[in-house]
Amino acid sequence: MLNLSSRLRRPSWMMDSKRMGMTSHFQWLLLTFILLYLMNQVNSQKRGAPRDLKCVTNSLRVWDCSWKAPSGVGHGTVYEVCIENRSHSCYQSEKTNTKIPALPPGDHEITINRLYGFGNLLSKFTLNEKNVSLIPDTPEILNLSANFSTSTLHLTWNDRGSVFPHHLSVIWEIKILRKENKEVVKLVTHNTTVNGKDTVHHWSWTSDMPLECTTHSVGIRCYVDDLHFSGRKEWSDWSPLKNVSWSPDSQTKVFPQDKVILVGSDIIFCCVTQEKVLSAQIGQTNCPLIHLDGENVAIKIHNISVSANSGTNVVFTTEDNIFGTVIFAGYPPDIPQKLNCETSDLKEIVCTWNPGRPTALVGPRNTSYTLFESFSGKYVRFKRVEAPTNESYQLFFQMRPDQEIYNFTLNARNPLGRSEATVLVNITEKVCPRIPTSIKVRDINSTAVTLSWHLPGNFAKIKLLCQIEINKTNSVQELRNVTIKGVENSSYLVAVDKLNPYTIYTFRIRCSTETFWKWSKWSNEKKYLTTEAIPSKGPDTWREWSSDGKNLIIYWKPLPINEANGKILSYNVSCSLDEETQSLSEIPDPQHKAELQLDKNDYIISVVAKNSVGSSPPSKIASMEIPNDDLKVEQAVGMGNGILLTWNYDPNMTCDYVIKWCNSSRSEPCLMDWKKVPSNSTETVIESDQFRPGVRYHFFLYGCRNQGYQLLRSIIGYIEELAPIVAPNFTVEDTSADSILVKWEDIPVEELRGFLRGYLFYFEKGERDTSKIRGLESGKSLNYSGNIS
């Protein structure tokens, strides 16, 4: 450096005035030069020092710090980096960067000195974690594989978690690219944590486009989210791309092949070919082409409809060829409906269910079912052969010894998904026996039989409740419940009593358990005729004297089946007088009348009905008829279907009352039918299928006392009156100025059809304008009711 201080300090009195002016100007210039030189020296020293210190970290353990070197610094330069207030740690580097341990939060003084250089080249910096950037290392994809059948990419990578000092959250960004131009089709994030050791992660993605259609590429980057790090956090660089492509073969051109898909889904089909594709269609619908790499094309189907059982065709057409595939659009299995498990024999359990909504998938795409029982760990499988709708399916499961509680899970599975239903049962409470078979009936007596049947199953540990249905003609159905102990050999026997002799019964049987779950189905009907018994009552009898009074005619009615107790073979008629009995005749069935020659003594007539077992009690009737001189013929009209007869109570009547009736036009003795009523009765309605409207009937009321009958009332009447069939046949016998004599014949009873109440006369004017009867005007009528017979 120039030493100019002595010059500048010389006294001004040594110069003359002229030189004084020149010297002053020169001194100003010299001083300016000196100042510029000194400033240049200072600035030269600053430009030669390190500057722009920046630090980044990829692990939070070490910071990688770098700075800018002075211009003109050559090789061999050594820098010393020191961290103040930390035992004065210093690091030397021949490069413009160095790694230092991560510093705790707060400001730290950093000095960087260029060693062995000219002058003082020390730089000082203040470094804080807030100024440090966290930039993870670029991830590396370990493997990228493809499952072409499911169009799924499988990605694996190492998170290099061992480089980090503690647990951290890491966000991974994965991008999927397609075609040769690397078009990004998917960008997803995937969250993980690092735990201080290297971990291999797996991630899968299913493409909406078959992987065979075009090249697919995958790249990843990461972002470390440390909540305790106060510096800047940045994404890592993208990893190099990994590619997956398909090597075409000469056979398959359209993808996917024979795909099963959910109804309503979107799907992409592509044709991989070197030929130019002209058109594409699904079913009968044309689809726009989507161009891929080369001549490859694709189509996209939205909201696909359910397929027919044979599937839906997808066709691509070129100039020379047609390429295609089949798509099957259906549904996953519905939850099995109405799952029920029961047994019919306590040997085998049958589980039934309804499949619910049809899947529209058949053949190899059908729904398969597996029935799993959790307590035993056993299972059985079932697969439908056809695909009918709304029908019930069943599986059989062999019962385990000494196991009563079963926990069943029915799993349903097809290519589109799975479902399940569960049921927990105590199988001894869910018994629905099979149909009873081999029904047999054996006689005990005429009113009781044994009923036996076969019921498959081993019911030795429980009791059965069986119901016997008993039917007979013209009778109300009867149901009888019987509780019987179950047996192992399946044969059962019960007694059925309180039956009627000689009656055809129809038996049916169904069974359940005593705790009752369901009845079995009814067995086939078994008809059986019970054996005969002695008739329980004698025939209903009546007697009439012949018109000449010499013979007594005995009538009797056939016994009802419930009183005959068998087939009536004959009737024995006998008479007794003064305790002497004489058997008169054996009358074969079906004859129901006997004529006896008797005198006027009081005989007791007995009628006995016989069947193969024996004779009925005798029915007795007296031959004597008590006279009644005070008897009048009465009239009565019925109610359309019968006629009501009434009488006063008579305590002298000790036997019964008998009402007989006949057609009044028939000669005596006439008898259509008779009816007996108890002695305490005062009225009865007479009904008969033989009654006809407009026909006159004669009714006779007899009372019985001391075994003798007395005629109490004689009544003629109609069930219903009708108008006469014909008009009277009349003649005019005489006329005068004030009278006319008219005569007519009686109308026969058969044509009268009711009781005659009177006659109605009509007259009209003749040719002359005069009336034949005084007081009668022309066109008027006259009623006549006197002396009518």
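Could you tell me which residue of region 278-292 is surrounded by the fewest Cβ atoms within 10 Å (Cβ to Cβ), considering only residues that are without any contact (Cβ under 8 Å) to a residue 12 or more places away in the chain and outside any strand (DSSP E or B)?
Across region 278-292, the extreme among qualifying residues is Gln284.
Can you run down the residue pairs with Cβ atoms below 6 Å, 6 or more apart or on separate chains, where the first is in region 51-63 and among the acidic types (Asp, Glu) and the partner is part of a strand (DSSP E or B) and crowded, with 19+ Cβ neighbours inside 10 Å?
If the second residue must be part of a strand (DSSP E or B) and crowded, with 19+ Cβ neighbours inside 10 Å, the pairs left are Asp52/Trp67.
Looking only at region 480-501, how many residues end up being surrounded by 13 or more Cβ atoms within 10 Å (Cβ to Cβ) and in a loop (DSSP other than H, G, I, E, B)? Don't jump to the end; show me each part of the working.
Kept after step one, since they are surrounded by 13 or more Cβ atoms within 10 Å (Cβ to Cβ), are these residues of region 480-501: 480, 482, 484, 486-487, 490, 492, 494, 496, 499-501.
Next, from what is left, pick out any that are in a loop (DSSP other than H, G, I, E, B): 486-487, 490, 499-501.
So the answer is 6.
Kindly indicate which of Ser688, Ser664 is touching a helix residue (DSSP H, G or I) at 6+ places or on another chain (Cβ under 8 Å), touching a residue at least 12 places away in the same chain (Cβ under 8 Å) and either on the phi > 0 side of the Ramachandran plot or surrounded by 15 or more Cβ atoms within 10 Å (Cβ to Cβ) (or both).
Going through Ser688, Ser664 in turn, the sole match is Ser664.
So, restricting to strands (runs of 3 or more DSSP E) that lie completely within region 502-573, which ones have at least 2 residues that are of a type in the set (Ser, Thr, Tyr) and at pLDDT 95 or above?
Numbers: elements: 504-513, 526-529, 541-545, 551-556.
Result: 504-513.
Kindly indicate which of Asn524, Asn551 is of a type in the set (S, T, N, Q), touching an Asp or Glu at 6+ places or on another chain (Cβ under 9 Å) and either crowded, with 20+ Cβ neighbours inside 10 Å or touching a residue at least 24 places away in the same chain (Cβ under 8 Å) (or both).
Working: Asn524 fails: touching an Asp or Glu at 6+ places or on another chain (Cβ under 9 Å).
So the residue among Asn524, Asn551 that is of a type in the set (S, T, N, Q), touching an Asp or Glu at 6+ places or on another chain (Cβ under 9 Å) and either crowded, with 20+ Cβ neighbours inside 10 Å or touching a residue at least 24 places away in the same chain (Cβ under 8 Å) (or both) is Asn551.
Just need a number here: residues in region 527-548 that are surrounded by 14 or more Cβ atoms within 10 Å (Cβ to Cβ) and among the basic types (Lys, Arg).
Qualifying residue count for the region: 2.
I'd like to know if region 347-361 contains one or more residues that are over 21 Å from the mean Cα position of the chain (by Cα), modelled with pLDDT under 95 and among the hydrophobic types (A, V, I, L, M, F, W, C).
no
Considering only residues that are outside any strand (DSSP E or B) and more than 13 Å from Glu514 (Cα to Cα), which ones fall in region 461-479?
Listed by number, the residues that qualify are Thr473, Asn474, Ser475, Val476, Gln477.
With the structure loaded, tell me whether Glu625 is among the charged types (D, E, K, R), closer than 23 Å to Gly549 by Cβ and at pLDDT 85 or above or whether it fails that test. Walk me through how you get there before you give the answer.
Details: among the charged types (D, E, K, R): yes; closer than 23 Å to Gly549 by Cβ: yes; at pLDDT 85 or above: yes.
Judged against the criteria, Glu625 is a match.
Residues to consider are Asn407, Asn489; find the one that is closer than 30 Å to Phe375 by Cβ and over 37 Å from the mean Cα position of the chain (by Cα).
Working: Asn407 fails: over 37 Å from the mean Cα position of the chain (by Cα).
That would be Asn489, the only listed residue that is closer than 30 Å to Phe375 by Cβ and over 37 Å from the mean Cα position of the chain (by Cα).
Given the structure, is Phe323 farther than 15 Å from Pro415 by Cα, touching a residue at least 12 places away in the same chain (Cβ under 8 Å), surrounded by 18 or more Cβ atoms within 10 Å (Cβ to Cβ) and assigned by TED's automatic domain parsing to the domain that holds Glu275?
So Phe323 passes the test.
So the check is Cβ under 6 Å with 6+ separation or different chains; which pairs have a first residue in region 121-139 that's without any contact (Cβ under 8 Å) to a residue 40 or more places away in the chain and a second one that's surrounded by 15 or more Cβ atoms within 10 Å (Cβ to Cβ)?
Sorted first by the residue in region 121-139, then by its partner, the pairs are Lys124/Thr111.
Kindly provide the set of residues from region 673-724 that are within 14 Å of Leu752 (Cβ to Cβ) and among the aromatic types (Phe, Trp, Tyr), ordered by number.
Tyr697, Tyr718
For region 604-631: of the residues being assigned to a strand (DSSP E or B) and charged (D, E, K, R), which is farthest from the chain's Cα centre (by Cα)?
Narrowing region 604-631 to residues assigned to a strand (DSSP E or B): 604-610, 615, 619-622, 625-626.
Of the ones still in play, those that are also charged (D, E, K, R) are 610, 620, 625.
Details: Lys610: 63, Lys620: 70, Glu625: 79 Å.
For region 604-631, the residue satisfying everything is Glu625.
Could you count how many residues in region 642-653 are part of a loop (DSSP other than H, G, I, E, B) and either exposed (fewer than 13 other Cβ atoms within 10 Å of the Cβ) or touching a helix residue (DSSP H, G or I) at 6+ places or on another chain (Cβ under 9 Å) (or both)?
4
Any residue at all in region 149-166 that's at pLDDT 90 or above, more than 60 Å from the chain's Cα centre (by Cα), surrounded by 16 or more Cβ atoms within 10 Å (Cβ to Cβ) and of a type outside the set (S, T, N, Q)?
yes
Out of region 599-617, which residues are over 21 Å from Ala533 (Cβ atoms) and surrounded by fewer than 17 Cβ atoms within 10 Å (Cβ to Cβ)?
If the condition is that a residue be over 21 Å from Ala533 (Cβ atoms) and surrounded by fewer than 17 Cβ atoms within 10 Å (Cβ to Cβ), then Asp599, Lys600, Asn601, Asp602 are the ones that fit.
Right, Leu211: in contact (Cβ under 8 Å) with a residue 60 or more places away in the chain, surrounded by fewer than 18 Cβ atoms within 10 Å (Cβ to Cβ) and under 28 Å from Ala298 (Cβ atoms) or not? Give the steps one after another, and end with the answer.
Numbers: in contact (Cβ under 8 Å) with a residue 60 or more places away in the chain: yes; surrounded by fewer than 18 Cβ atoms within 10 Å (Cβ to Cβ): no; under 28 Å from Ala298 (Cβ atoms): yes.
Criteria not met by Leu211.
Of all the strands (runs of 3 or more DSSP E) wholly in region 293-364, which have at least 1 residues that are in contact with a helix residue (DSSP H, G or I) (Cβ under 8 Å, 6 or more places away or on another chain) and either aliphatic (A, V, I, L, M) or at positive phi (or both)?
Of the strands (runs of 3 or more DSSP E) lying wholly inside region 293-364, those with at least 1 residues that are in contact with a helix residue (DSSP H, G or I) (Cβ under 8 Å, 6 or more places away or on another chain) and either aliphatic (A, V, I, L, M) or at positive phi (or both) span 348-354.
Exactly one of these conditions fails for Thr273: (1) polar (S, T, N, Q); (2) in contact with a Cys (Cβ under 9 Å, 6 or more places away or on another chain); (3) buried (at least 16 other Cβ atoms within 10 Å of the Cβ). Give me its number.
That leaves (2) as the condition not met.
With the structure loaded, tell me whether Cys466 is buried (at least 16 other Cβ atoms within 10 Å of the Cβ) and modelled with pLDDT of 95 or more or whether it fails that test. Spell out the reasoning first.
Values: buried (at least 16 other Cβ atoms within 10 Å of the Cβ): yes; modelled with pLDDT of 95 or more: yes.
Taking the combined requirement at face value, the residue satisfies it.
The values are calculated or read from the model by the stated rules, or taken from the named source; none is laboratory data. Just so you know, these numbers come straight off a predicted model, no measurement behind them. Positions of Cβ are generated from backbone atoms using ideal geometry, with glycine treated the same way; all protein chains shown enter the neighbour counts.
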